[in-house]
2 protein chains.
Amino acid sequence: MATAAIIGGGVIGGGWAARFLLNGWDVQVFDPDPEAERKIGEVIDNARVSLPGLSDTALPPEGRLSFHDSMSEAVAGASWIQESVPERLELKRKVYQTLQEHCEADAILGSSTSGFKPSELQGCASRPEQIVVTHPFNPVYLMPLVELVPTEKNAPALIERAKETLKGVGMFPLHVRKEIDAHIADRFLEAVWREALWLVKDGIATTEEIDEAIRMGFGIRWAQMGLFDTYRVAGGEAGMKHFMAQFGPCLEWPWTKLMDVPEFTDELVDLIAGQSDAQSGHMSIREMERVRDNNLVSMMRALKAQNFASGAVLNQHDKKLSAEAGMVRKSADIADPSLPIVTQRRAVPVDWLDYNGHMTESRYLQAFADASDRLMEIIGCDQEYIATGGSFFTAETHIRHIDETHLGSVIEVRTRVLMAEGKKMHLWHEMYAGEKLLATAEHILIHVSLETRRPAPFSPEIAANLKMIYEAQADLPAPDGLGRYVGQPR
Amino acid sequence: MATAAIIGGGVIGGGWAARFLLNGWDVQVFDPDPEAERKIGEVIDNARVSLPGLSDTALPPEGRLSFHDSMSEAVAGASWIQESVPERLELKRKVYQTLQEHCEADAILGSSTSGFKPSELQGCASRPEQIVVTHPFNPVYLMPLVELVPTEKNAPALIERAKETLKGVGMFPLHVRKEIDAHIADRFLEAVWREALWLVKDGIATTEEIDEAIRMGFGIRWAQMGLFDTYRVAGGEAGMKHFMAQFGPCLEWPWTKLMDVPEFTDELVDLIAGQSDAQSGHMSIREMERVRDNNLVSMMRALKAQNFASGAVLNQHDKKLSAEAGMVRKSADIADPSLPIVTQRRAVPVDWLDYNGHMTESRYLQAFADASDRLMEIIGCDQEYIATGGSFFTAETHIRHIDETHLGSVIEVRTRVLMAEGKKMHLWHEMYAGEKLLATAEHILIHVSLETRRPAPFSPEIAANLKMIYEAQADLPAPDGLGRYVGQPR
């Protein structure tokens, strides 16, 4: 098991701890704050509610979390060391000195700094080649972006290894090829922040109005395409040049005067703090975090279904997780075909809940349908086969709810082939949390031609795979609840 | 039926036309471009694919779309006139003169201008009091934000009427109380654009890297909370003042030099256009529009489930649409209780489709479950009742798929109460597109105490309402398919 050292807790360090821990790493924390354990624990608790549900496959078992009194202890055996101490260059340099006295020479030392360049951090280091900037975004356990900023002192192999590690915990490392103050994203945040301060100061808009202007408009656009692709589309078939010819001249519009920096007076701070209280003071920060995380998870899951932007990153990560967990993808991989096949293992995400505080009924069918999809894949009806024009349509479904299913529960679906003949297959799914039965589903699926939309015989490969599974499972006892109709007395 | 005049087509004018048309308005277009009808038609076609599915209730029937050779014809009878002609003040002023010669004196004249202040547009107008800025965002048929910028010449009653009209077509009017060049949102876009030009020009990042920095990071955050709420959460319990004390000083960091405007040379234009081609040239603009719209619909639907930001705006709009469409919400409103009750009417959204190119099975159950929820509301098990601790859990479900269901189809669910005794109700739903039967669902639901999570008797009100409906529907013939088990021979 790989080990990460977290140097400096707080919201960012805690977020890193959660990222690694929930992706199966052992995490060793050093933070002199006597409250560190509680604070990091709160961040990890938040992450446990939201992160596992981002995946459509179960995360590996959590690693071991430990707190240490010294940096030397914390970095023992760590292959990744993430530094998130306060933004003071002298402090950071001192921390690197101590870390490098004790850590493995081939460990990667990533800094969460938003302001310093990697060359500044490497400055007085004994081994500058192992230090890079890995600047994350809050909440670190959900946001994919990490700005990875190396210098020419870092070997290409180390940069590659850093990328792989970050991808391994589900993140999107953006390789910033030329170091610059504040990297990339924060430069934009700075630009927007300056403009926002002016608008509030001049009484044009309140903090709430500015937030609405963002989240009802370009914020939604930017969650999926960024600045340039958004404008590329806006420019239409005439292309990006045309768009720039229209938009470029705006740069000389009169409001460029507002690029001055507003004076950061107490009055301005009070004005903004007061407006922010009026806007959101009715919610505690804890509540806001929960709302934010639920929103982020829901939107990123929506983008997963479109396999786009952050959703595509999550799908990639799922693929890797699913392979590592040994989920069966091909009939040849079935260890013992005489047993029900595990076709789903996943945590219940926040967007699967309803007003009764448990998993809503349509998501049971989604999990069962995903299990049918996996069974289809296993028997040879995969994406490639479907592209050739064959598929299965579900004709009929019967679901029995046995027990409630809750947020974060890891559910597993086990699948049996009860019959498979000509154009029809009869499936039986059971959903479990541990060994507790939650629900059963019985389905008839019809093999079809996607061209005629009519029933069509199985391909020989599908027929053979189905026969193999059906015959191997034929000795299992008939499932309890098979062939029942709705309302049938027990 | 209300009428809107669209003066000037193109992407923005076409988007407005689609907004009004799909929300039931008659739309009269004037655009001298001989290609206008085709171009606007393409925008409306896009909108027809995505906008209806944003609602969980059916939109009203589309209005009538007509094209006119003169502004005088286009504005005849229009209560809303939306001007989206090119951004030249003299042209706009001339257009307003002509419009005001022919339009109703109490019509609202909204300008899509992104650059001009309303006082500039009102300048030489005969009736300045009817002109306001209503600045939308692309794609206008999906994005909620409209910046509504009046001046002191506009009566408060007109401003209110403008807001109501914009809300009536599902938008979020942001009342900009003090006019300013470029209003609010575009100032931020300008600030980000300037910074982006620098980063590309200086070779720090490509257009693609910048887009990733946005959409993998703050873009997702800003789709739900804006700038200030995001920072409020980041500041933690210490509050906004604490956050500003940390972040404020950044304003004096060295990169403020980059507030200069980069020179807009041909080299820079070519550099950006070339990078943009490398990034997204493999997709046509049409494809990108479809991807964008699918993403936006999916994410906004995700936010609906959280009832937050743009999702909350959509839910509000649904409530209004549902009431206007006469959907039954209370047992007293049932016109003829001896007939099945229409409990759902909605268009199939893009995120309900699967790899077979039709509505995926779990969304059938979602529509049926929503129908059960509506039936619960009708019999008195509404949100208020659920808050007191009573609810229904589904115990068992049987779904039969009769026909395929496609993107944009308006589906209707009709519901019967087959039995209701003690703690159980037995429901029968049929899903139709027009009079074509698509699927049936049979359910047993159990009334429960949310405290004990155990079965509990109906409240007297629920019992009485169920009895009333059950008895009134008792003379209907038994539904075809009732009590069948999976795989039962016909």
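The values are calculated or read from the model by the stated rules, or taken from the named source; none is laboratory data. None of the values given here were measured: they were computed from a predicted structure. Quick reminder, even Gly has a Cβ in these numbers, built from the backbone with ideal geometry, and neighbours come from all protein chains shown. For the accessible areas, the whole protein counts, side chains as well, though only heavy atoms, and no ligand, DNA or RNA atoms are used. Shrake-Rupley method; radii C 1.70, N 1.55, O 1.52, S 1.80 Å.
The table below gives the values:
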| quantity | calculated |
| --- | --- |
| Peptide B:111-119, shielding by other chains (average Cβ, 10 Å cutoff) | 1 |
| Whole-Å semi-axes of the ellipsoid equivalent to the range B:335-395 (Cα gyration tensor, √5λ, descending) | 27, 16, 9 |
| Chains B and A, summed buried accessible surface - 1.4 Å probe, Å², nearest 100 | 14500 |
| Theoretical gain in end-to-end length, A:Glu267 to A:Ala76 [0.36 nm per residue, Cα-Cα removed] | 63.9 nm |
| Counting DSSP beta bridges with both ends in chain A, the antiparallel % (nearest 5) | 65 |
| Protein-only accessible surface order, largest first, of A:His358, B:His282 at 1.4 Å | B:His282, A:His358 |
| Where A:His135, B:His102 fall by accessible area, highest first, once all protein chains stay in place (1.4 Å) | B:His102, A:His135 |
| Debye log10 I(q)/I(0) for the range A:264-310, one point scatterer per Cα, at q = 0.15, 0.24 Å⁻¹ | -0.60, -0.81 |
| Equivalent ellipsoid semi-axes, the range A:327-473, via Cα gyration tensor eigenvalues times 5, rooted, Å | 27, 17, 13 |
| Label zone at A:Asp202, where the point sits 7 Å out along the Cα-to-Cβ direction: the range B:109-126 residues whose backbone N lies under 13 Å | B:117 |
| With all protein chains modelled, accessible area of A:Asp106 [1.4 Å, Å²] | 100 |
| log₁₀ of I(q)/I(0) at q = 0.04, 0.07, 0.08, 0.10 Å⁻¹ - the protein assembly as shown, Debye sum with one point per alpha carbon | -0.21, -0.65, -0.86, -1.29 |
| Rounded to the nearest 10 Å², the accessible area of B:Leu482 at probe 1.4 Å | 70 |
| Relative contact order (%) - criterion: Cα under 8 Å, at least six apart; region: chain A | 12 |
| Cross-link reach list, lysines versus B:Lys201, counting only Cα pairs under 30 Å and skipping chain neighbours closer than eight places | A:Lys117, A:Lys153, A:Lys163, A:Lys167, A:Lys178, A:Lys241, A:Lys257, B:Lys257 |
| Alpha carbon Rg of the range A:267-379, scaled by the compact-globule rule 2.2 N^0.38 Å | 1.55 |
| Where B:Lys320, B:Lys467 fall by accessible area, highest first, once all protein chains stay in place (1.4 Å) | B:Lys467, B:Lys320 |
| Residues in the range B:98-116 that a label on B:Leu89 would reach, taking backbone N under 18 Å of a point 7 Å out along Cα→Cβ | B:111-116 |
| Extension reserve of the A:Arg453-A:Lys436 stretch, reckoned as 0.36 nm per residue once the Cα distance is removed | 2.2 nm |
| Averaged over A:360-372, number of beta-carbon atoms from partner chains that fall within 10 Å | 5 |
| In degrees, nearest ten, helix A:89-102 long axis to first principal axis of chain A (Cα) | 50 |
| Whole-angstrom Cα spans of the range B:102-212 along principal axes, big to small | 55, 30, 25 |
| Other protein chain Cβ atoms within 10 Å, averaged over every residue that makes up A:333-345 | 0 |
| Whole-number Å³ per residue for the convex hull built on Cα positions in chain B | 204 |
| Within the range B:413-447, trypsin sites (Lys or Arg not before Pro) in DSSP loop having at most 12 other beta-carbon neighbours inside 10 Å | none |
| B:Ile159 accessible area, assembled protein chains, probe 1.4 Å, Å² | 20 |
| Size descriptor, Kirkwood hydrodynamic radius, that averages inverse alpha-carbon separations across the range B:3-175, Å | 15.7 |
| The range A:168-244 and the range B:400-471: distance between their alpha carbon centers, rounded to Å | 46 |
| Rough spin-label spacing in nm, given labels placed 7 Å along Cα→Cβ, for A:Asn307 and B:Ala387 | 4.4 |
| Pairwise FRET efficiency - A:Arg490 versus A:Asp333, Cβ, R0 = 56 Å, nearest 0.05 | 0.90 |
